[in-house]
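Okay, so here's the structure we're looking at.
The values are calculated or read from the model by the stated rules, or taken from the named source; none is laboratory data. No experiment lies behind these values; they were computed from the predicted model shown. Ideal geometry is used to build each Cβ from the backbone, glycine not excepted, and the neighbour counts take in all protein chains shown. The area values use the complete protein model at the heavy-atom level, side chains included, leaving out ligands, DNA and RNA. Shrake-Rupley method; radii C 1.70, N 1.55, O 1.52, S 1.80 Å.
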Amino acid sequence: MKFEDYYISQELKKNLAKLGFVKPTDIQFKSIPPILKGEDVLAIAQTGTGKTAAFAIPVIDMIHRGKMKQRNDGIKCLVMVPTRELAQQITEVFEKLSRHTKVKAYGIYGGVGQDEQIDRLEDGFDILISTPGRMFDLISQGHLLVDRIEILILDEADHMLDLGFIKDIQDIKRKLNRKHQTLFFSATINDVIKKLAYSLVENPIRIQVSPKDPVSKNIEHSVVFIEMDDKRFFLERMIKENSASKIMIFVRTKVRAERVKMAMERVGIETITIHGDKDQQDRFGVMKRFKNGEVKVLIATDVSSRGIDIPNVDFVVNYDLPDVSENYVHRVGRTGRGMAKGLAISFCSKEEKPILDEIQGFLGSNIAVLEMSKTEYKDILEVMKESDNDTDWQSLIRDNEDFEAKRKKAGAKKKK
Ligand code: ADP
Ligand code: MG
């Protein structure tokens, strides 16, 4: 079935065609009808499979057709997302899909002034895309009224429910229009969170696409064993061998992000970083430069592991393995989006092997190992070291100590 054959408004069909969306993806095919019928939905589908449009299409159509009361009557739909970049990105999708319709979407998030957001709230719009912090601020200041909201969407739902906002979400649900619809979308979910989601709704329709393997089939992912102190040399080699590729590198901490950037700078590789210590305008700027290809290598923390949709990321490198297993799926899911194929590689050191085991447990299967003989490993290292004589060994040792300390702390916390 093509979008052309759907019983949705002509304007929406034109917008879909303009974006090059001809046929719905699996998750879109399965979610659009029940959402249009007004059902509550819990939808789980792999990264990059078009979950945004799976909720945006039916919501825009319902509002446009005036199934709900028209604008100036307050916000009709609230989309909650975990990060500001994601709020911006999803707002863009809503804007593109609602062109020439009666529907207006707007995104609000923290880290930027709120005056303009308050003005827009006064003007009125239909769909609000928001991060929790700024949203709760504006509600408590009396600028944001939620009583007319008829649809609540949690994107990256497992994370949203896990962030400690559950009480706020319960509170909000009490304030919304009494007969509202609730939609949960994510690529990952665990049993605890699933229960939590079910506790918020009655009789939801559960839709799951490819439940067995949480990693998208478009992604070829593997792990290679590299010691902590050697990682930078292998990264340098990888980037230089793939100089035309767009690469996203994930590290564990903000400090590590800046250190890896510096290490790459010393060997003539231009990179940019994104993490929670950066000013929001900076963060938006960085995303833009990476998106348009001005800089080809982005070093990120997990703040950017979820949801971000950048076309043509060829490689994801886990320079450090993620502490939270789900994030493995989200990180590698920044490549292989839509129809595209992607490659992901994880650098695993001795100290990280327990994390690798946890991740494999979460995935329910082992990650392919990229075999490298000892001689090969040594040869590569020697060549790379020769071309980079001014290694800052002090900071590398510090890195390793930081890591050890953090693992110990995490271990202690788990035992509690
Ligand atoms: P998810 O939220 O599932 O990770 P997104 O909603 O970000 O995925 O979509 C991933 C990519 O797929 C986007 O670049 C989007 O434009 C594209 N896409 C979505 N739906 C379709 C479709 N029906 N046909 C072609 N491309 C699509
Ligand atoms: Mg998404």
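Between a residue in the stretch 25-49 that is on the phi > 0 side of the Ramachandran plot and open to solvent by less than 40 Å² (accessible area, probe 1.4 Å) and any residue that is within 15 Å of ligand 1 (Cβ to nearest atom) and among the polar types (S, T, N, Q), which pairs come within a Cβ distance under 8 Å, given they are 6 or more apart or on different chains? Note: pairs meeting the criteria are G48/S216; G48/N218. Taking the numbered list (1) open to solvent by 40 Å² or more (accessible area, probe 1.4 Å); (2) in contact with a Ser or Thr (Cβ under 9 Å, 6 or more places away or on another chain); (3) without any contact (Cβ under 8 Å) to a residue 60 or more places away in the chain in turn, D137 passes all entries but (2). Inside the stretch 335-380, residues that are surrounded by fewer than 22 Cβ atoms within 10 Å (Cβ to Cβ), small (G, A, S) and within 16 Å of ligand 1 (Cβ to nearest atom) make up a count of 2. When the residues of the stretch 300-329 are filtered to those that are assigned to a loop (DSSP other than H, G, I, E, B) and open to solvent by 30 Å² or more (accessible area, probe 1.4 Å), which remaining residue is farthest from ligand 2 (Cβ to nearest atom)? Among those that are assigned to a loop (DSSP other than H, G, I, E, B) and open to solvent by 30 Å² or more (accessible area, probe 1.4 Å), it is D323. All told, A244 falls short of being surrounded by 15 or more Cβ atoms within 10 Å (Cβ to Cβ) and among the small types (G, A, S). For the stretch 144-227, the helices (runs of 4 or more DSSP H) that sit wholly inside it and include 2 or more residues that are surrounded by 13 or more Cβ atoms within 10 Å (Cβ to Cβ), within 21 Å of the chain's Cα centre (by Cα) and among the charged types (D, E, K, R) are 157-162.
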